[in-house]
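Since the structure comes first, as structure tokens, the remarks are kept for the end.
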Amino acid sequence: MAKLNSDVMHFAAATAAATLTTSRKLLRNYAYYRSTHSETETVTRADLLFLCHKIRFNAFGLHNLLLDEENQNSPFLVSLAGNIADSFEEIHRKTLFYDALEIETLIPIIDSQRRFWNQFTDESFYHQQLALFLENRLPVDIKKLKKNIESLPKQAHL
């Protein structure tokens, strides 16, 4: 049996990870835009807190991959970073259900994170500074987000 070229294996894994990330985003968008807007959509504080938890979980996995020299070229780096970017997009969309005065402290944090994570498809994004960002800035911002989300009303309707 012929030995597979490691570059081909990395490319196949990267393709699979990108496909998974994109299909999850398309599934979410399809469900959102397919829903009839005649019925009221509700967002709860628990939904937003769950997204914060999901971001922390994915950031932990991403950080562990970055620190492991053997897995620094893992295609799952892109998949995890894509999940984080997608979660921030979803938090942004869902916070807009609340009144503007209630979310004015949340939006700058969310927008800053969205701008940062939207670069996840750039190869230079995965450098040593990303590990420092995951250790220092992201946990602080998530903590601020959670604190502000906990002060929101229990639910909001569109």
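Please treat every number below as a calculation from the coordinates, not as lab data. Bear in mind that the values here come from a model prediction, so they are computed numbers and not experimental data. Reconstructed Cβ throughout: ideal geometry from the backbone, glycine too, with neighbour counts over all protein chains shown.
Could you tell me the convex hull volume per residue, in Å³, taken over the Cα atoms of region 43-157?
82 Å³
Considering only Phe133, Ser151, Asn58, whose Cα is most displaced toward the positive end of the charge dipole of region 43-157, charges sitting on Cβ of Lys, Arg (+1) and Asp, Glu (-1)?
About the Cα centre, the residue reaching furthest to the positive side is Ser151.
Aspartates and glutamates within cross-link reach of Lys154: Cα-Cα under 18 Å, excluding same-chain residues under 8 positions apart?
Counting by Cα, and skipping residues close in sequence, Lys154 has these aspartates and glutamates nearby: Glu41, Asp47, Glu90, Asp99, Glu102, Glu104.
Give the residue list of trypsin sites (Lys or Arg not before Pro) in region 84-115 that are DSSP loop and have at most 13 other beta-carbon atoms within 10 angstrom.
Counting only loop positions with at most 13 other Cβ atoms within 10 Å, none of the trypsin sites (Lys or Arg not before Pro) in region 84-115 qualifies.
Estimate the FRET efficiency between Ala100 and Lys25 by the formula 1/(1 + (r/R0)^6), using the beta-carbon distance for r and 25 Å for R0, to the nearest 0.05.
0.40
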